[in-house]
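**Student:** Provided herewith is a single structure, encoded as structure tokens, for subsequent inquiry.
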Amino acid sequence: MSVKQGLMALLAQGPMYGAQLRVEFEERTGGTWPLNVGQVYTTLARLERDGLVEPTGEADGEGRISYRLTEAGAAEVGTWWTTPVDRDSTPRDELTIKLALAVTVPGVDVQAVAQTQRTATLRHLHDLTRLKQQVMRKQRDAEGRAEEGTQPAAAGDATGEGNHDLAWLLVLENLIFTAEAEVRWLDHVETRLHRESLRPFRRSGPAAAEGAARAEAEDTAYRRELRDQSEREARR
């Protein structure tokens, strides 16, 4: 997610200084995307430059400055909540790139690469599932204490304030679904590799030839441009 949008969403609740924003961001996402204070203050400086946040006053005794949203900032946060996340651009996924290149590089055991990754992803999935069970157990214990009257119900259930366990649970479930999908895709990769190994011959296809020709043409054009530029500079 965008750090900028995340910090602005937190400031919509009220003024905070940099360290507070970092702590709140990490608590609400379970530390999945850790921030450092320098990154927070760099983002705040850009937001202030763009007129989206402003300091609430002078620094306190410890040199901390709290920030709040401007009207423009509040409007942007409102727009963010109602605008779907853009999925048009394709993110660079290291595993996908790794396997796509592995099948084209001689001497690479692609099957071993896929199996090694599958083992690691399953281990990661197990850890995520264990964390989810811990969070759910914590929620059940809190609900039990509230029913017994030994502890008041968690504040903010209706407003969304303080419900960090639910936020962390949503993040965990997203990571679990992503890991499960990766395992399914790796199973598919192994099946595809097995089928490919049974084919009597490999076909490079016209796309490979066209790609090589296009790359060679681009390289030739680039070298020609460098040569022309060098000649122009020599004539000056």
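**Student:** Kindly indicate whether Pro91 is open to solvent by 100 Å² or more (accessible area, probe 1.4 Å) and closer than 30 Å to His194 by Cα.
**Tutor:** yes
**Student:** Within region 86-102, count every residue that is free of Cβ contacts under 8 Å to residues at least 60 places away in the same chain and either touching a strand residue (DSSP E or B) at 6+ places or on another chain (Cβ under 9 Å) or not acidic (Asp, Glu) (or both).
**Tutor:** So the count comes out to 11.
**Student:** Within region 67-102, which residues are modelled with pLDDT of 90 or more and either outside any helix (DSSP H, G or I) or touching a Lys or Arg at 6+ places or on another chain (Cβ under 7 Å) (or both)?
**Tutor:** Tyr67, Arg68, Leu69, Thr70
**Student:** Further question on the same structure: Hey, among the residues in region 141-172 that are exposed (fewer than 11 other Cβ atoms within 10 Å of the Cβ) and closer than 27 Å to Leu10 by Cα, which one's modelled with the highest pLDDT?
**Tutor:** So, considering only residues that are exposed (fewer than 11 other Cβ atoms within 10 Å of the Cβ) and closer than 27 Å to Leu10 by Cα, the one modelled with the highest pLDDT is Pro152.
**Student:** Just checking, how many residues over region 14-51 are within 19 Å of Thr70 (Cβ to Cβ) and not hydroxyl-bearing (Ser, Thr, Tyr)?
**Tutor:** Here the count works out to 15.
**Student:** Pairs needed: first member in region 25-52, more than 17 Å from Glu76 (Cα to Cα); second member anywhere, assigned to a loop (DSSP other than H, G, I, E, B); C-beta distance under 7 Å; at least 6 residues apart or different chains.
**Tutor:** What qualifies is Phe25/Leu35; Glu26/Pro34; Glu26/Leu35.
The values are calculated or read from the model by the stated rules, or taken from the named source; none is laboratory data. These figures come from a predicted structure and were not determined experimentally. Neighbour counts run over all protein chains shown; Cβ positions are idealised from the backbone, glycine included. Quick note on the areas: whole protein, heavy atoms, side chains included, nothing else; ligands and nucleic acids left out. Shrake-Rupley method; radii C 1.70, N 1.55, O 1.52, S 1.80 Å.
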